[in-house]
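The values are calculated or read from the model by the stated rules, or taken from the named source; none is laboratory data. Given the structure is predicted, the values throughout are model-derived calculations rather than measurements. Reconstructed Cβ throughout: ideal geometry from the backbone, glycine too, with neighbour counts over all protein chains shown.
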Amino acid sequence: MRGPTYDDLVVDNERQPYVYVGEGSSTMTYDLDVHDPQAGVSGGTLTVTGPGGQRLTGSFAIDWTWYAGYQGCGYIEWGQTYAGSCRVSVTFPAHAASGTWTVSRVELTDNAGNTSAYSGLSAAPVHVTSDDVLSADGFTATPNPVDTWHGARTIKVGFRPHGGQGEVVSAVVTTDSVNGCRQTSTTATTAADGTVSVNYDVPRRVFTCHVTGVIITDHAGNVALYGSEFGAPETGLAIASAPDTVLPEIDRARLTPTTIPATDHFTDIRLTVNVSGTTAGVNGYDLYLIDSSGQRIPAASGGAPLTFGGPLTLSFPLPSGVAPGAYTIAARLSDQAGKSSSFGFPNGTPIPGGPVTLTVA
């Protein structure tokens, strides 16, 4: 009787098809679906073959207990007639041969002891390396920190390659960050001094992206791996946004009109400030009227057009219930990092050239 059949033999989709084997061993997990409508699937073995005919094996087996049910594959039908997502781990020893390793043979056994063997395969290729043929050092990110307050930026991730055959053609940079760091092109560029770089996109505003993996490939297909994702040597790269060192600053302010009837709640009162300094750009505000006793009357708040320098006009109507009298204007300006500076509040920083006064008639 014929043994089980299989399909969908692939490298585990939670892993990239690369294995680093330096001073220690490393594992790769393969995934396949197995069928046996008669006796049911019992287990199986995979053989992977690498450069020079070196071979390694890994296996899986299906068990059943009253307290745990079926174990050994991701999904198992009653009677074991179908076993989906059966994971097979293969251990690559330290300094296993660098190059491409493929699944060359699959053996599957059913519960009646029948075995099917599928040989001559070249499935689920993975690239194994100890960085012995191609390697790199001097990893950099330029610029770093990155001024992203003006918008998303494209930076350069670079390194100096050693060994290999021909120029480096690609470098894949990975991160575990959820902040939006991403790579849109893996094409590598070699500079006159021999260093290599790839473009890397970083998001607007505040972020930190730790580089967890770099996959370097040369013209001949040799691969070098770096980073915790592969258990390989670290690059030491953490790309970050430039710190918000200068909070919003203004050097003058002007109010129009400067007098308004107490019954007029429709005319826009416009405070125009000149932004003279800010790292992260002004994008929000809170305005207050300050009466003769120092009490604050909220006038307006909200978002402002992103401003890094020059005039910024903030408009508001006269709030309801404001009695006739003289009021000074106080402003709190916020930046994209959520930090703020205040001007015109009692015992605080005055408005330059002020105070700015509104007369309510």
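Can you say whether Val173 is under 18 Å from Gly231 (Cβ atoms) and either acidic (Asp, Glu) or out of contact with any Ser or Thr (no Cβ under 6 Å at 6 or more places or on another chain) (or both), as far as the supplied structure shows?
Here the answer is yes, as Val173 does meet what is asked.
Going by the conditions given, is Ser89 in contact with a Leu (Cβ under 9 Å, 6 or more places away or on another chain) and either modelled with pLDDT under 95 or not basic (Lys, Arg) (or both)?
So Ser89 fails the test.
Per-residue answers, yes or no, for (1) of a type in the set (S, T, N, Q); (2) in a loop (DSSP other than H, G, I, E, B); (3) without any contact (Cβ under 8 Å) to a residue 60 or more places away in the chain:
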site	(1), (2), (3)
Gly58	no, no, yes
Tyr67	no, yes, yes
Tyr70	no, no, yes
Ala83	no, no, yes
Val90	no, no, no
Ala96	no, yes, no
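For the subset of the stretch 41-53 comprising residues that are out of contact with any Gly (no Cβ under 8 Å at 6 or more places or on another chain) and closer than 28 Å to Glu229 by Cα, which member is surrounded by the most Cβ atoms within 10 Å (Cβ to Cβ)?
The qualifying residue surrounded by the most Cβ atoms within 10 Å (Cβ to Cβ) is Thr47.
Suppose we keep only residues that are without any contact (Cβ under 8 Å) to a residue 40 or more places away in the chain and under 41 Å from the mean Cα position of the chain (by Cα) within the stretch 311-347. Which one would you say is surrounded by the most Cβ atoms within 10 Å (Cβ to Cβ)?
Going through the qualifying residues, I end up with Ser342.
Looking only at the stretch 289-310, count how many residues are in a strand (DSSP E or B) and either at negative phi or without any contact (Cβ under 8 Å) to a residue 24 or more places away in the chain (or both).
Qualifying residue count, the stretch 289-310: 14.
Is at least one residue of the stretch 247-256 at pLDDT 95 or above, hydroxyl-bearing (Ser, Thr, Tyr) and not assigned by TED's automatic domain parsing to the domain that holds Val168?
Taking every residue of the stretch 247-256 in turn, at least one turns out to be at pLDDT 95 or above, hydroxyl-bearing (Ser, Thr, Tyr) and not assigned by TED's automatic domain parsing to the domain that holds Val168.
Which one of these does Arg252 not meet: (1) of a type outside the set (A, V, I, L, M, F, W, C); (2) free of Cβ contacts under 8 Å to residues at least 24 places away in the same chain; (3) over 26 Å from Thr142 (Cβ atoms)?
Answer for Arg252: the failing condition is (2).
Answer yes or no: is there a residue in the stretch 241-261 that is of a type in the set (Gly, Ala, Ser), under 30 Å from Ile216 (Cα atoms) and within 39 Å of the chain's Cα centre (by Cα).
Yes: one or more hits.
Return the residue satisfying two criteria in turn: it lies in the stretch 231-241 and is touching a strand residue (DSSP E or B) at 6+ places or on another chain (Cβ under 6 Å) and in a loop (DSSP other than H, G, I, E, B), and of such residues it is surrounded by the fewest Cβ atoms within 10 Å (Cβ to Cβ).
Per the stated criteria, the residue is Gly231.
Quick check on my filter: what residues within the stretch 52-89 are under 20 Å from Thr29 (Cα atoms) and among the polar types (S, T, N, Q)?
Matches in the stretch 52-89: Gln54, Thr57, Ser59, Gln71, Ser85, Ser89.
Evaluate the stretch 103-113: report whether one residue or more is of a type in the set (Ser, Thr, Tyr), out of contact with any Lys or Arg (no Cβ under 6 Å at 6 or more places or on another chain) and assigned by TED's automatic domain parsing to the domain that holds Val206.
Taking every residue of the stretch 103-113 in turn, none turns out to be of a type in the set (Ser, Thr, Tyr), out of contact with any Lys or Arg (no Cβ under 6 Å at 6 or more places or on another chain) and assigned by TED's automatic domain parsing to the domain that holds Val206.
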